[in-house]
Amino acid sequence: MTINKAPVPGPGILDIAPYIGGDARLDGIERPIRLASNESALGPSPKAVAAYVALAGEIHRYPDGGAEEFRHALGEHYGLDPARIVCGSGSDELIGLLLRAYAGPDTEVLYSRHGFLMYPIGAQSVGATPAAVPERDLTADVDAILARVTEKTRIVFIANPNNPTGTYLSGAEVARLHRGLPSSTLLAIDAAYAEFVNRNDYDAGAGLVEHAGNVVMLRTFSKIYALAGLRLGWAYCPPAVADVLNRVRGPFNVTAPALAAGVAAIDDVEALDRARAHNDRWLPWLSERLAGLGLPLTPSVGNFVLPRFPDTPGHDAAAAFEFLRARGILTRKVAGYGLPQHLRITIGTGEEMERVAAVLAEFMGRR
Ligand SMILES: Cc1ncc(COP(=O)(O)O)c(C=O)c1O
């Protein structure tokens with residue numbers, strides 16, 4: 001037996017650059033303005049909070065591992081078949097489960113160049129090779145993705161809309177992408193920000209899931225439903241994929257308070273409408289203000305913007321990040337996404353938006 005040897009992780013694990021979340025704390029400032037993680041501006045539905053609190057006396061019980069009530073509530077709300085829904089501890093978990101089940105050593109996973117980082121991280125963690133496909137105008141390029149598919153490609157991930165770029169593919173473009181893929185390659189459409197989109201040609205992908213055996217739609221309660229801290233996501237799948245995910249997931253992977261809050265949140269249509277109306281007002285407002293300061297932006301359809309800063313030292317993205325930070329405003333650096341000249345800024349409350357616009361005006365006005 002070999003002694004004095006440290007345990008060795010699987011192939012590729014130590015090559016993973018760990019995911020770095022947005023800052024949440026700022027020394028010396030009790031309540032910083034938190035615009036770094038695309039969380040909700042308005043907070044959760046009071047009904048969801050009440051449902052969560054009501055479960056406090058029951059947390060010695062295991063949750064319903066089949067998430068019956070939640071899946072049926074989703075099915076009713078979205079007009080979907082509950083049997084095709086699989087729940088996860090956030091959509092992050094579902095991304096990982098898809099990779100664990102369908103990818104592995106000697107396979108490839110495609111994602112667009114500035115796509116959500118959990119796709120390459122998750123791929124590496126199962127020993128698969130992530131391949132970043134170049135984008136066009138910070139938008140996923142269907143032709144480039146199709147040209148990159150090989151017999152080793154197991155999953156193509158598309159965040160639609162994408163984080164951090166805020167850009168999206170129309171329903172027709174996603175359908176064209178799907179048509180070009182072999183039936184053995186899974187298309188994972190990650191629609192985490194779907195509820196914010198107000199474009200007529202957008203489609204989150206449920207119809208495609210129902211008509212194809214190789215499309216999965218991922219959704220989350222972390223964004224417009226404002227339950228990021230509870231970790232609640234779901235996948236809409238072909239029956240065979242739902243069966244696979246149900247085999248590999250933990251039996252109680254979603255907590256009881258998360259499920260209860262999720263059911264109440266679905267029911268609170270007014271809270272959803274308020275959140276959407278808020279974003280519809282402040283997303284264009286902030287976009288126009290920043291453009292007016294000379295900061296180019298690609299049009300975002302999510303709850304965040306991605307201004308590009310000048311290259312000049314003192315006015316670049318790193319300087320802007322520090323300038324905002326010194327004034328109690330947390331934003332997200334996106335150099336890890338291959339976007340060193342940009343910052344991602346979440347749509348917060350109206351007051352927060354006015355403040356961030358004023359501070360950036362001051363920053364851009366500096367000599
Ligand atoms: C595109 C995208 N997918 C998935 C997630 C993960 O969400 P969840 O909180 O459900 O794990 C995020 C979170 O930022 C995201 O931006």
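The values are calculated or read from the model by the stated rules, or taken from the named source; none is laboratory data. All values reported here derive from a predicted model rather than from experimental measurement. Cβ atoms come from the backbone with ideal geometry, glycine included; neighbour counts cover every protein chain shown. Accessible surface is based on the protein model in full, side chains and every heavy atom, while ligands, DNA and RNA are left aside. Shrake-Rupley method; radii C 1.70, N 1.55, O 1.52, S 1.80 Å.
Computed values, structure above
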{"item": "Candidates Arg100, Arg61, filtered to the one that is out of contact with any Lys or Arg (no Cβ under 8 Å at 6 or more places or on another chain) and closer than 23 Å to Ile155 by Cβ", "result": "Arg100"}
{"item": "Strands (runs of 3 or more DSSP E) wholly inside region 183-275 containing at least 3 residues that are modelled with pLDDT of 95 or more and closer than 16 Å to Gly75 by Cα", "result": "215-220, 233-236"}
{"item": "Filter result (in contact (Cβ under 8 Å) with a residue 60 or more places away in the chain, under 23 Å from Glu30 (Cβ atoms) and surrounded by fewer than 17 Cβ atoms within 10 Å (Cβ to Cβ)) within region 343-367", "result": "Thr349, Gly350"}
{"item": "Odd one out for Leu169, checked against (1) over 30 Å from Ala48 (Cα atoms); (2) in a loop (DSSP other than H, G, I, E, B); (3) over 18 Å from the mean Cα position of the chain (by Cα)", "result": "(3)"}
{"item": "Test for Leu283: is it farther than 27 Å from Ala17 by Cα, among the aliphatic types (A, V, I, L, M) and open to solvent by 40 Å² or more (accessible area, probe 1.4 Å)", "result": "no"}
{"item": "Ala191 within 30 Å of Thr107 (Cα to Cα), of a type outside the set (Lys, Arg), surrounded by 23 or more Cβ atoms within 10 Å (Cβ to Cβ) and without any contact (Cβ under 8 Å) to a residue 60 or more places away in the chain", "result": "yes"}
{"item": "Subset of region 1-17 (residues that are in contact with a helix residue (DSSP H, G or I) (Cβ under 7 Å, 6 or more places away or on another chain) and open to solvent by 100 Å² or more (accessible area, probe 1.4 Å))", "result": "Asp15"}
{"item": "Residue count for region 87-145, restricted to those that are among the small types (Gly, Ala, Ser) and either within 22 Å of Ile224 (Cβ to Cβ) or within 14 Å of the ligand (Cβ to nearest atom) (or both)", "result": "9"}
{"item": "Residues of region 159-188 satisfying the condition of being surrounded by 20 or more Cβ atoms within 10 Å (Cβ to Cβ), more than 13 Å from the ligand (Cβ to nearest atom) and of a type in the set (Ser, Thr, Tyr)", "result": "Thr185"}
{"item": "Among the candidates Pro307, Pro340, residue that is open to solvent by 10 Å² or more (accessible area, probe 1.4 Å), of a type outside the set (A, V, I, L, M) and in contact with a strand residue (DSSP E or B) (Cβ under 9 Å, 6 or more places away or on another chain)", "result": "Pro340"}
{"item": "Any pair with Cβ under 9 angstrom, 6 or more apart, that starts in region 307-321 at a residue that is closer than 12 Å to Pro340 by Cα and ends at one that is charged (D, E, K, R) and open to solvent by 30 Å² or more (accessible area, probe 1.4 Å)", "result": "Phe309/Asp316; Pro310/Asp316; Ala317/Arg308; Ala317/Lys333; Ala318/Lys333; Phe321/Lys333"}
{"item": "Residue in region 21-32 that is closer than 29 Å to Phe196 by Cα, open to solvent by 100 Å² or more (accessible area, probe 1.4 Å) and not in a loop (DSSP other than H, G, I, E, B) present", "result": "no"}
{"item": "Close pairs (7 angstrom Cβ cut-off, 6 or more residues apart or separate chains): at negative phi in region 235-257, open to solvent by 30 Å² or more (accessible area, probe 1.4 Å) and β-branched (Val, Ile, Thr) anywhere", "result": "Ala256/Ile59"}
{"item": "Residues located in region 314-331, provided they are open to solvent by 20 Å² or more (accessible area, probe 1.4 Å) and either farther than 16 Å from Gly365 by Cα or charged (D, E, K, R) (or both)", "result": "Asp316, Ala318, Glu322, Arg325, Ala326, Arg327"}
{"item": "Yes/no for Gly229 being touching a Ser or Thr at 6+ places or on another chain (Cβ under 9 Å) and within 12 Å of the ligand (Cβ to nearest atom)", "result": "yes"}
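Here is a yes/no grid of residues against (1) open to solvent by 60 Å² or more (accessible area, probe 1.4 Å); (2) part of a loop (DSSP other than H, G, I, E, B); (3) within 30 Å of Ile345 (Cα to Cα); (4) touching a residue at least 12 places away in the same chain (Cβ under 8 Å):
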position	(1), (2), (3), (4)
Tyr19	yes, yes, yes, yes
Ala36	no, yes, yes, yes
Ala41	no, yes, yes, yes
His60	yes, yes, no, no
